[in-house]
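Below you'll find the structure, written out as structure tokens, and then a few comments.
The values are calculated or read from the model by the stated rules, or taken from the named source; none is laboratory data. None of these values were measured; they are calculated from a predicted model. With ideal geometry, Cβ positions are generated from the backbone for all residues, glycine too; neighbour counts draw on all protein chains shown.
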Amino acid sequence: ICGGYQMLGRRILDPGHVESADAEIAGLGLLDVETTFAGEKRTVRVEGELTGVALGPTGTALRGYEIHMGRTQRTGQTGSLVRLRTADGPVHEDGAASRRGTVCGCYVHGLFDHPALRTAFLNDLRAAAGLPLHGPDAGAAAAGAVTADLDRLADHVQEHLDMAALDEIIGAPS
């Protein structure tokens, strides 16, 4: 995701020295992509679906956000990983995957927050390893367990945190 995706490519160009004193650095070369850093950061909420080259079946829905300085271009015959749309922009394709789909990346933060997508991705890994697949509700059950854990943590903090002392420390108005 994001910077990791950029590093998986062939090279990263920074002609304006936005992120580095180096104008060009070699990437890991695992994806046929090249990133060029731009002067302005892209921050946008996106929604869309998988293209089917990796992570799960074509059309698997996703939502997330992008926050990055780089503009990454696919080269050669590299296919996109996701098809995205923003509230005010046209549909565009993002990300890339290796030919066999074993290495992939994109700019979408929050990609694995979606139970169906996460289950599809993990089932692809399980199938490749010869393990039994999880049912379609496995991701939702895991998400429910995380929510329950977070609720317990919030209850504990609420019970034991001295808000008056915290307000005094941070100088909050009374």
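Worth pointing out:
Listed here are the residues, each with its yes/no results for (1) out of contact with any Lys or Arg (no Cβ under 7 Å at 6 or more places or on another chain); (2) touching a residue at least 12 places away in the same chain (Cβ under 8 Å).
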| site | (1), (2) |
| --- | --- |
| 104 | yes, yes |
| 112 | no, no |
| 144 | yes, no |
| 155 | yes, no |
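- Flag for residue 43 being more than 26 Å from residue 124 (Cα to Cα) and loosely packed, with under 13 Cβ neighbours inside 10 Å: yes
- One residue from 55, 50 being closer than 15 Å to residue 8 by Cβ, surrounded by 19 or more Cβ atoms within 10 Å (Cβ to Cβ) and touching a residue at least 60 places away in the same chain (Cβ under 8 Å): 55
- Take the conditions (1) touching a Lys or Arg at 6+ places or on another chain (Cβ under 8 Å); (2) buried (at least 20 other Cβ atoms within 10 Å of the Cβ); (3) within 16 Å of residue 2 (Cα to Cα); residue 65 misses just one of them, which is (2).
- When residues in region 49-84 are screened for being assigned to a loop (DSSP other than H, G, I, E, B) and touching a Ser or Thr at 6+ places or on another chain (Cβ under 7 Å), 6 of them pass.
- Annotation: of all residues in region 8-26 being within 16 Å of residue 97 (Cβ to Cβ) and crowded, with 17+ Cβ neighbours inside 10 Å, the one that is nearest to the chain's Cα centre (by Cα) is 8.
- Residue match in region 93-105 (condition: farther than 26 Å from residue 31 by Cβ, at pLDDT below 85 and surrounded by fewer than 15 Cβ atoms within 10 Å (Cβ to Cβ)): no
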